[in-house]
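What follows is a set of notes on a single structure, which appears directly below.
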Amino acid sequence: MNNKVLGFTIIELMVVVTIIGLLVGIGYVNFSGARAEARDDARKVNLQELQIALAVYKSQHGVYPEQGCGGTTGWTGPGPHSASWGNDADCPEYIVGLAPDFISELPVDPYEEYEDNKGFLYNVNASRSAYKLMAHNVVEVDLVDTYEHAFARCPGNLSPSCGGSAPPQTTYAVYSFGGESW
């Protein structure tokens with residue numbers, strides 16, 4: 001009589017479980033990098049959409065919109081900011097009058113863990129003829145390594161007055177003529 005038992009040995013099961021664990025670990029590492037890249041891409045798209053909305057607003061009103069939440073100096077944005085930035089409160093309407101007529105809603109940074117002075121920031125000069133809009137200290141993967149980067153905080157010819165030889169790597173910015181060196 002042949003008493004052969006069909007099934008897997010404990011060693012075979014352990015090898016399969018180990019291989020599956022390794023594949024899941026490798027996939028998780030690759031997936032988290034892709035998520036960071038997607039957040040950087042979303043920041044760029046949001047800045048470009050805001051830049052277009054600001055241009056349309058100016059074409060209709062002759063000036064750029066005011067800063068929200070009573071900000072007349074410094075930067076305003078939807079996340080928490082220290083008093084040194086001129087506005088120490090959360091400000092969901094950080095650009096007055098832009099949404100919903102010129103953009104459906106004002107974006108917030110796609111990374112959900114806000115800290116002081118991170119996320120979208122907006123500043124306009126007193127005459128409202130120039131602005132700068134930034135995704136500040138939130139860039140994760142596509143770092144700004146030169147002033148020639150499309151989203152560098154300042155253009156290359158203004159690099160000495162805008163932070164020196166290296167741009168802030170974790171900040172994307174768009175700006176109007178006159179707001180380049182802020």
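Table for the structure above
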{"item": "Test result for Thr9, out of contact with any helix residue (DSSP H, G or I) (no Cβ under 7 Å at 6 or more places or on another chain) and loosely packed, with under 10 Cβ neighbours inside 10 Å", "result": "yes"}
{"item": "Every pair of residues 6+ apart whose Cβ atoms lie under 6 Å, when the first sits in the range 30-56 and is under 17 Å from Thr170 (Cα atoms) while the second is of a type outside the set (Ser, Thr, Tyr) and exposed (fewer than 14 other Cβ atoms within 10 Å of the Cβ)", "result": "Ala36/Val141; Glu37/Val141; Asp40/Val141"}
{"item": "Selected residue [modelled with pLDDT of 90 or more, of a type in the set (Val, Ile, Thr) and in a helix (DSSP H, G or I)] from Val56, Val63", "result": "Val56"}
{"item": "Top-ranked residue in the range 86-99 [being of a type in the set (A, V, I, L, M, F, W, C) and within 17 Å of Tyr64 (Cβ to Cβ); ranked as modelled with the lowest pLDDT]", "result": "Cys91"}
{"item": "Single condition Leu23 does not satisfy, out of (1) at pLDDT below 90; (2) part of a loop (DSSP other than H, G, I, E, B); (3) more than 23 Å from Val144 (Cα to Cα)", "result": "(2)"}
{"item": "Cross-chain or 6+ apart pairs with Cβ under 8 Å, the range 58-71 first and within 12 Å of Tyr122 (Cα to Cα), then at pLDDT 90 or above and assigned to a helix (DSSP H, G or I)", "result": "Tyr64/Leu54; Tyr64/Tyr57; Tyr64/Lys58; Pro65/Leu54; Pro65/Tyr57"}
{"item": "Leading residue by the ranking (nearest to the chain's Cα centre (by Cα)) among those in the range 12-60 that are loosely packed, with under 11 Cβ neighbours inside 10 Å and polar (S, T, N, Q)", "result": "Ser32"}
{"item": "Test result for Val15, modelled with pLDDT of 90 or more and more than 30 Å from Ala150 (Cβ to Cβ)", "result": "yes"}
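The values are calculated or read from the model by the stated rules, or taken from the named source; none is laboratory data. These numbers come from a predicted model, not from an experiment. Note that each Cβ is placed from the backbone with ideal geometry, even for glycine, and that neighbours are counted across all protein chains shown.
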